[in-house]
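What follows is a short report on a single structure.
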Amino acid sequence: MNIVNEPVPTESLPRVEAVPLQPLEPAYRKVMHIRSFIFMGVLAVMAAVLIVWVESLQEPFRIALIAGGWLLLFGARLYLIEKSYLHRGYAIRDKDIIYRSGWFIRRTQTCPFNRIQHSTVSMGPLERAYGLATLMLYTAGSGAADMDIPGLTQETAQSLKEWINKKIADESAEAI
Amino acid sequence: MNQPKRYDWHEPQRQAFAGLLIMVYKTVISIIKTLWPLLLVIIFRTGQKNDQDGFPWILSAISVLALVHSVLNFFWFRFYIADDDLIIRKGFITRKKITIPLERIQAVHIEQNLLHQLLDVVKVRIDTAGSEKTEAVIDAIARRKADQFRAFLLQEKKQLAPDEQAAMPVPEKPVLRLSVSELLKLGITANHFQAFFIVLAFMLSVFQNLREAFGDDIITTVEATVAARRLLSSIPLLIAMVMVVSIFVSLAMVLLRYYNLYLAETPGGYKLSMGLLNNRQFLVPFPRIQFISWEANWLRRKIGLYTVEFHQVAGNKVNEKQLVRVPVTRQEYISVLLHHYHEALYNAAHSVHGIHASYIVRRVLIAGILPVIPLVSLLLAWELYPWMLLPALWVLGTWFNAWGYRNNFRLYVAPDAFQVISGIWGRKVRVVKWYKIQQVLLQQSLYQQRKGLATISLVTAGGAITIPFIPLELAQQIQNYALYEVERADRAWL
């Protein structure tokens with residue numbers, strides 16, 4: 001092993017924050033909204049059942065309060081999905097893959113290829129309906145070390161997966 | 001000198017005869033464990049008229065069947081080598097053939113619990129990188145045979161995969177032992193809160209089981225007991241008793257776990273054995289160590305007692321049993337244990353960083369004020385003003401914790417490793433080599449964005465190290481440097 005440890009000027013290192021990100025498919029925004037609709041729908045049904053069952057809730061003011069809370073949550077989710085969609089994105093560099101997500105708490109995850117154990121492509125029913133897929137990358141260790149990139153077209157996800165697998169195979173071949 | 005018998009491992013081998021006893025013992029224990037409330041019911045309800053329900057008969061039939069099953073399993077069990085694979089044949093009814101390629105064997109553990117010690121046999125556990133860890137176990141085998149078998153397996157593995165560092169146990173250098181007085185010190189300074197909760201959980205589960213077995217009557221019976229009533233009425237006495245029991249339990253736990261601790265260094269890694277009833281042996285191959293930490297609570301710090309932990313590659317979940325912790329009684333031992341990984345960084349660091357003061361503000365808001373808002377509004381509504389002291393104390397407590405954490409937190413950065421010191425009353429130090437990192441995660445909440453701060457998590461295969469509330473620019477530098485260190489060369493992190 002060749003460990004040369006010359007001082008590295010930190011300014012000249014490749015910078016993650018300077019990489020332009022590829023946005024996720026616009027259809028993924030729709031998928032996120034539909035998921036949110038389903039969730040809010042279930043919540044609304046639950047609230048309705050509760051109101052029918054519990055008599056002390058059957059008062060205009062209390063019903064209005066519940067409805068108001070529901071609307072507020074609905075609005076907040078809409079806003080957050082829009083915001084987070086604009087912030088989401090991924091980028092592939094020569095030696096690693098970057099995924100950015102979140103808006104309230106912005107996360108930038110970077111995973112070097114030489115640490116990826118294996119990768120899979122997953123397609124949920126909703127994703128399939130819009131021709132989307134999620135690329136899942138697994139590194140060693142606990143679940144915290146995994147990386148999921150949603151909102152890719154199925155072709156992109158598949159070709160990315162193959163490309164990464166090839167990269168992993170090449171690297172381990174080089175190591176030998 | 002009598003030459004030890006040489007075994008041909010290609011011939012199917014059985015377990016030692018004592019294994020029969022161990023298997024029967026295990027079956028009996030598991031029967032008792034699953035059926036004990038039922039057994040209690042039967043014992044206490046004999047003489048009552050509902051004997052005709054045939055409960056005892058069914059129970060004995062199950063027990064006999066289980067015993068027969070374990071005996072059959074014993075006679076069916078074989079292990080042997082075939083075509084560079086270790087094959088374990090087990091399970092008479094559900095037949096199972098476990099095949100482990102020899103080059104996949106990571107470590108061979110030899111363990112001995114009290115029963116093994118009495119019968120003079122050992123248990124051999126074969127560790128592979130995969131998840132099926134519990135399967136590859138040979139329950140009973142004569143000590144000498146086990147040693148030969150281990151040597152054989154590791155030898156074969158070395159021939160098959162010569163470039164991998166095989167863990168040969170032969171030449172070893174003793175590093176440390178623990179005396180009984182040191183053990184006592186360790187037990188007395190242990191975290192008794194933990195023991196307290198274990199005692200509590202144990203009592204609750206016993207209570208639950210009793211209730212299931214006897215119905216709710218038992219509770220009234222217990223409550224009616226005069227002694228219990230007197231105990232409940234004098235809370236200071238109760239607290240004192242719980243404290244004494246907790247201290248006793250944590251002492252016992254330390255003794256059980258660390259009795260006869262012995263650590264030695266072999267060319268491939270550390271060899272560790274400890275335990276009173278259940279003597280456990282660990283092998284910690286140097287390459288498997290992802291990072292090393294050592295910690296001490298407030299009391300232990302005062303007397304220089306530390307617990308060093310080797311964070312190895314954890315499977316899907318970090319199992320309490322897999323953690324390799326070594327108590328050390330002198331500071332010098334820490335540097336001895338660090339020697340094969342990376343020495344501590346204090347003076348060798350290129351730069352030292354703390355965390356931003358707004359960490360305190362944020363912690364107090366999220367962990368202190370937000371959770372007590374419902375309580376405070378209730379107290380206000382009910383006009384219970386004196387009780388407001390409670391939430392106030394809580395907020396003060398979180399403030400103090402955050403303040404202490406922020407003041408003590410230090411990040412030391414060097415070209416090949418970094419070190420994190422944290423803790424409020426006690427201290428925890430973690431030394432991590434950059435190239436052991438698996439993934440980097442940089443997070444910024446809206447608040448942090450406004451302040452130009454960020455939180456960075458450096459994820460290794462042995463756990464993540466999180467550095468909160470540092471300047472964004474520093475976090476980005478750390479991120480970029482960590483990635484550079486991981487990506488610039490292919491160094492075996494495992």
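The values are calculated or read from the model by the stated rules, or taken from the named source; none is laboratory data. This one's a predicted model, so the numbers in the text were calculated from it and none came from an experiment. Don't worry about glycine lacking a Cβ; one is built from the backbone with ideal geometry, like all the others, and counts go over all protein chains shown.
A few notes on this one:
- Among the residues making up the range B:399-438, those that are out of contact with any strand residue (DSSP E or B) (no Cβ under 7 Å at 6 or more places or on another chain) and assigned to a helix (DSSP H, G or I) are B:399, B:400, B:401, B:402, B:403, B:404, B:406, B:407, B:435.
- Test: residue in the range B:450-458 that is touching a Ser or Thr at 6+ places or on another chain (Cβ under 9 Å), of a type outside the set (A, V, I, L, M, F, W, C) and closer than 27 Å to residue B:297 by Cβ: yes
- Residue B:422 vs. criteria of a type in the set (Ser, Thr, Tyr), closer than 24 Å to residue B:289 by Cβ and away from chain A (no Cβ under 11 Å): yes
- The residues in the range B:238-278 that are of a type outside the set (Ser, Thr, Tyr) and assigned to a helix (DSSP H, G or I) can be counted, and the count is 18.
- Positions within the range A:80-107 being within 9 Å of chain B (Cβ to nearest Cβ) and free of Cβ contacts under 8 Å to residues at least 24 places away in the same chain, in sequence order: A:94, A:95, A:96, A:102, A:103, A:105, A:106, A:107
- Of all the numbered requirements in (1) at pLDDT 85 or above; (2) touching a strand residue (DSSP E or B) at 6+ places or on another chain (Cβ under 8 Å), residue B:283 misses one, and that requirement is (1).
- Considering residues of the range A:129-163 that are more than 14 Å from chain B (Cβ to nearest Cβ) and of a type in the set (A, V, I, L, M, F, W, C) only, the residue surrounded by the most Cβ atoms within 10 Å (Cβ to Cβ): A:133
- Within the range B:129-138, tally of residues that are surrounded by 17 or more Cβ atoms within 10 Å (Cβ to Cβ) and either outside any strand (DSSP E or B) or at pLDDT below 85 (or both): 1
- Screening the candidates B:441, B:396 for the property of being in a strand (DSSP E or B) and either away from chain A (no Cβ under 14 Å) or under 30 Å from the mean Cα position of the chain (by Cα) (or both) yields one hit, B:441.
- Some residue of the range B:367-374 being touching a helix residue (DSSP H, G or I) at 6+ places or on another chain (Cβ under 7 Å), more than 25 Å from residue B:297 (Cβ to Cβ), assigned by TED's automatic domain parsing to the domain that holds residue B:469 and of a type outside the set (Ser, Thr, Tyr): yes
- Within the range B:465-488, if we keep just the residues that are within 8 Å of chain A (Cβ to nearest Cβ) and in contact (Cβ under 8 Å) with a residue 12 or more places away in the chain, the residue that is nearest to residue B:414 (Cα to Cα) turns out to be B:481.
- Lone unmet requirement of (1) within 14 Å of chain B (Cβ to nearest Cβ); (2) over 30 Å from residue B:472 (Cα atoms); (3) modelled with pLDDT of 90 or more for residue A:126: (1)
- Checked against (1) surrounded by fewer than 19 Cβ atoms within 10 Å (Cβ to Cβ); (2) at pLDDT 80 or above, residue B:116 meets all criteria but (1).
- Residues of the range B:422-433 include at least one that is at pLDDT 90 or above and of a type in the set (Ser, Thr, Tyr).
- Residue B:387 meets all of the listed conditions (1) closer than 29 Å to residue B:292 by Cβ; (2) not in a loop (DSSP other than H, G, I, E, B) but one, namely (1).
- Close Cβ contacts (under 6 Å, 6 or more residues apart or on different chains) running from residues in the range B:88-105 that are closer than 15 Å to residue B:14 by Cβ to residues that are of a type in the set (Lys, Arg) and assigned to a strand (DSSP E or B) comprise B:89/B:78; B:89/B:97; B:90/B:96.
- Some residue of the range A:108-118 being more than 14 Å from chain B (Cβ to nearest Cβ) and farther than 23 Å from residue A:32 by Cβ: no
- Residue that is farthest from residue B:365 (Cα to Cα), among those in the range B:444-464 that are more than 7 Å from chain A (Cβ to nearest Cβ) and in a strand (DSSP E or B): B:463
- Of all residues in the range A:10-66 being assigned to a helix (DSSP H, G or I) and either polar (S, T, N, Q) or in contact with a Cys (Cβ under 7 Å, 6 or more places away or on another chain) (or both), the one that is surrounded by the fewest Cβ atoms within 10 Å (Cβ to Cβ): A:56
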